[in-house]
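Participant: I'd like to ask you about the structure that follows.
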Amino acid sequence: MNLDYDSDFSEKLPALPNGLSPAASERASVPSSEDLWLVDSYSRAVTAAVERVSPAVVNIEVLHRRTGSKQSGEPRERRGGGSGFVFTPDGLILTNSHVVHEATTIEVTISDGRRVAAHTIGDDPATDLAVIRIDAQGLQAVTLGDSQQLRPGQLAIAIGNPYGFQSTVTAGVVSALGRSLRSYSGRLIEDVIQTDAALNPGNSGGPLVNSRGEVIGVNTATILPAQGICFAIGINTAKFVASRLLRDGRIRRSYIGVSAQTVPIHRRVVRFYGLTRDTGVVVLGVDERSPARTAGLREGDVIVALNDKPVAGVDDLHRLLTDAQTGTRSTVTIIRHTERLIIPIFPEEAV
């Protein structure tokens, strides 16, 4: 049997299910030069950012002291750790509070393999950020970016040093901005970055980096049941917290001394007083010798504003009680039964 190998033999074959002939299908499966250029550009951007930042990424090992065991009553210790990054050449390192909180011993492994002792400058559980210091020469520091300039869709690169495996890298995009995340202290962390750059165990405290190699966030958490939902504290928040920790060793906040919860407000009350929110904070208890007790707040009062700023929930109240209110005259607006009252109050520094 003679076969006629015509030059357009492949074009005469039946079309494939996708509507392409075998030759056309083969051509379609080969990446174009433009596609290859885009992939290569993406790879170069990630590689360049990692090469710039990874020398400053460190592994942190900690020893925590725990309460005594039921059998012996002797204090026991447990190990933990995470990642961090050098942000000043003299050895200041940013990491998560939950990595180093109440640590008795901290040891840091830097990129060249040296292991050095570290001590805590300060940590803030409310934002899950901490600053520690090491005494070492020849350190390379990161460049801090501006998280206020971020936009969804930007390249985001998470770098960590878990368990001593240097520069583990995952890349993705900024998925969303302005998220809120509950810290392990119970407070709400504002303006959190959501990204799909996967966070591996031990990556907590590592940097989230943009394509220019600038740190835009501090990796802090992942939602375990979900796929590709990870969070980082914005670097602008980290700058503020770090500066206060370096100055005071802690973040100063104020308190008024109430236990409370968020509740809905009857719509008639909302309309009658022209409230901008339909929820408030009901006072469940008032601490003795507290600013709230002195001001005359009572159980059942519903707080709707502090210094004329709406309070729609407990988290709003926490956010508004900054160190600026400590010892200064403030006003709290409450609904008592059906009456609206504006009461002067003097918040005190939270211990």
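The values are calculated or read from the model by the stated rules, or taken from the named source; none is laboratory data. All values derive from a computational prediction rather than experimental measurement. Note: ideal-geometry Cβ built from the backbone for every residue, glycine included; neighbour counts use all protein chains shown. These accessible areas exclude ligands, DNA and RNA; they are computed on the full protein's heavy atoms, side chains included. Shrake-Rupley method; radii C 1.70, N 1.55, O 1.52, S 1.80 Å.
Participant: Amide H to amide H under 5 Å from residue 350: which residues, 5+ apart in sequence or cross-chain, H placed 1.01 Å off N in plane?
Facilitator: 253, 254, 255
Participant: Once Rh for segment 88-163 is found with the Kirkwood sum over Cα pairs, what is the Stokes-Einstein diffusion coefficient at 20 °C and 1.002 mPa s, in µm²/s?
Facilitator: Details: Rh = 14.2 Å.
Translational diffusion coefficient: 151 µm²/s.
Participant: How large is ³J(HN,Hα), in whole Hz, for each residue of segment 265-279 in order, when computed from phi with the Karplus curve 6.51 cos²θ - 1.76 cosθ + 1.60 and θ = phi - 60°, using x for Gly and Pro?
Facilitator: Ordered by residue, 3J(HN,Hα) equals 10, 4, 4, 5, 5, 4, 5, 4, 9, x, 5, 8, 10, 9, 10 Hz.
Participant: I've got another one for you. Could you tell me the accessible area of residue 239 in Å² (1.4 Å probe, neighbours in place), rounded to the nearest ten?
Facilitator: Only protein atoms counted, so the area is about 80 Å².
Participant: At 37 °C and 0.692 mPa s, grab the translational diffusion coefficient of segment 246-351 from Stokes-Einstein with a Kirkwood Rh over Cα pairs, rounded to a whole number in µm² per second.
Facilitator: Numbers: Rh = 13.9 Å.
D, rounded to a whole number, is 236 µm²/s.
Participant: Local charge sum around residue 124 (other residues, Cβ-Cβ under 14 Å, Lys/Arg +1, Asp/Glu -1)?
Facilitator: Numbers: positive: 187, 239, 244, 247, 250, 252, 253; negative: 102, 123, 128, 190, 248, 323.
Neighbourhood net charge equals +1.
Participant: Around residue 158, what is the net charge, scoring Lys/Arg as +1 and Asp/Glu as -1 over all other residues with Cβ under 15 Å from its Cβ?
Facilitator: -1
Participant: If the chain between residue 298 and residue 273 were fully stretched, how many nm would it gain, using 0.36 nm times the residue separation less the Cα-Cα distance?
Facilitator: Values: separation 25, 0.36 × 25 = 9.00 nm, distance 2.05 nm.
Contour length minus Cα-Cα distance gives 7.0 nm.
Participant: Name the residues whose placed amide hydrogens come within less than 5 Å of the amide hydrogen of residue 58, ignoring near sequence neighbours (fewer than 5 apart) on the same chain.
Facilitator: 84, 85, 86
Participant: What is the sum of charges around residue 108, taking Lys and Arg as +1, Asp and Glu as -1, for the other residues whose C-beta is under 9 Å from the C-beta of residue 108?
Facilitator: 0
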